[in-house]
């Protein structure tokens, strides 16, 4: 009898301990997260840090090659969205992953796309793209999984996707390029309906190529043209206004346009080569008057996020935090964020809660 009683106590204790752990897994008590992944195995680790830079959660996923420097992981209504490609030699997972940051539940969306390059989302849909055998495919998947749609573009490479939503208007934006004899030829911006019908195809060659990062602010989209047609570094930020249908541009002092964020009328643009990590400056651009000032960072600015007056800079090895004020940018701290695992993971992206 005593033996059975002790066994019951142990079982009850274990149950509540596990339940407690489960409840803490995604209690939103974290400031930022770092994604580390592998390409030789279907493995990914997401490490969550609190404001004191302590690890509060670690989530292990059975997906390889998840996210990268060119395609930031993104948060959509308490869900972390990313595209894992799988094993390097296959890249055949064909999925978009939705990780709920409250419950830890994972929802998989089958895209039917191998080796995806870019993704985006609007209020109702996810969008994923790739290019294979000279044909680019854009797939639209409704968040309730009830609807899919596809657009194919021949002889064009989809560089990235974005979305414009205002009032009842919803558009899908594609940045594409054509390549001839291993050199860039033409670049375009497509404006699609939310049914993937082509409404406009606009030649944007004069602004540049390699438009991996863009941001929508009010009625305009700002797109970073990282290279010119000869694959040299570029310093042109293109601007398109959806209401007036006019183009304009911002020319920065530095090239190597890497990532972009927006905060309080200022555009923050990094100047880091996303391939080799060289470059450690950030341009702060007042979009009202066009003035530009620069700050130098001690570490490469691979990806950036801004929240609650804090600029977060992800270098792949560290996260640096800067306090933003009207008159200055003050560095608060730099934190080493590599996991202590002995396995060969590499950092691919980060996100801020």
Enumeration of residues in segment 107-144 that are surrounded by fewer than 15 Cβ atoms within 10 Å (Cβ to Cβ) and either assigned to a strand (DSSP E or B) or in contact with a helix residue (DSSP H, G or I) (Cβ under 6 Å, 6 or more places away or on another chain) (or both): 107, 108, 110, 132, 135, 142
All positions within segment 170-196 that are more than 23 Å from the chain's Cα centre (by Cα), surrounded by fewer than 18 Cβ atoms within 10 Å (Cβ to Cβ) and in contact (Cβ under 8 Å) with a residue 24 or more places away in the chain: 183, 185, 195
Check on residue 199, surrounded by fewer than 18 Cβ atoms within 10 Å (Cβ to Cβ) and under 19 Å from the mean Cα position of the chain (by Cα): no
Residues that are surrounded by fewer than 19 Cβ atoms within 10 Å (Cβ to Cβ) and under 20 Å from the mean Cα position of the chain (by Cα), drawn from segment 202-215: 215
Selected residue (criterion: nearest to residue 291 (Cα to Cα)) from residues of segment 243-264 that are in a loop (DSSP other than H, G, I, E, B) and within 23 Å of the chain's Cα centre (by Cα): 252
Condition check for residue 284: at pLDDT 95 or above and either under 21 Å from residue 75 (Cβ atoms) or over 23 Å from the mean Cα position of the chain (by Cα) (or both): no
Number of positions in segment 320-337 that are outside any strand (DSSP E or B) and within 24 Å of the chain's Cα centre (by Cα): 1
Residue match in segment 210-217 (condition: in a strand (DSSP E or B) and free of Cβ contacts under 8 Å to residues at least 24 places away in the same chain): no
Residue 57 being touching a residue at least 24 places away in the same chain (Cβ under 8 Å), assigned to a strand (DSSP E or B) and more than 24 Å from residue 216 (Cβ to Cβ): yes
Within segment 276-316, considering residues that are assigned to a loop (DSSP other than H, G, I, E, B) and touching a residue at least 60 places away in the same chain (Cβ under 8 Å), the one surrounded by the fewest Cβ atoms within 10 Å (Cβ to Cβ): 287
Condition met for residue 23 (more than 15 Å from the chain's Cα centre (by Cα), modelled with pLDDT under 95 and closer than 23 Å to residue 145 by Cβ): no
Search result, residues across segment 265-278 that are within 20 Å of the chain's Cα centre (by Cα) and at positive phi: 277
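The values are calculated or read from the model by the stated rules, or taken from the named source; none is laboratory data. Just so we're clear, the structure is a prediction, and the values are computed from it rather than from any experiment. Using ideal geometry, Cβ is built from the backbone for each residue, glycine included, and neighbour counts are taken over all protein chains shown.
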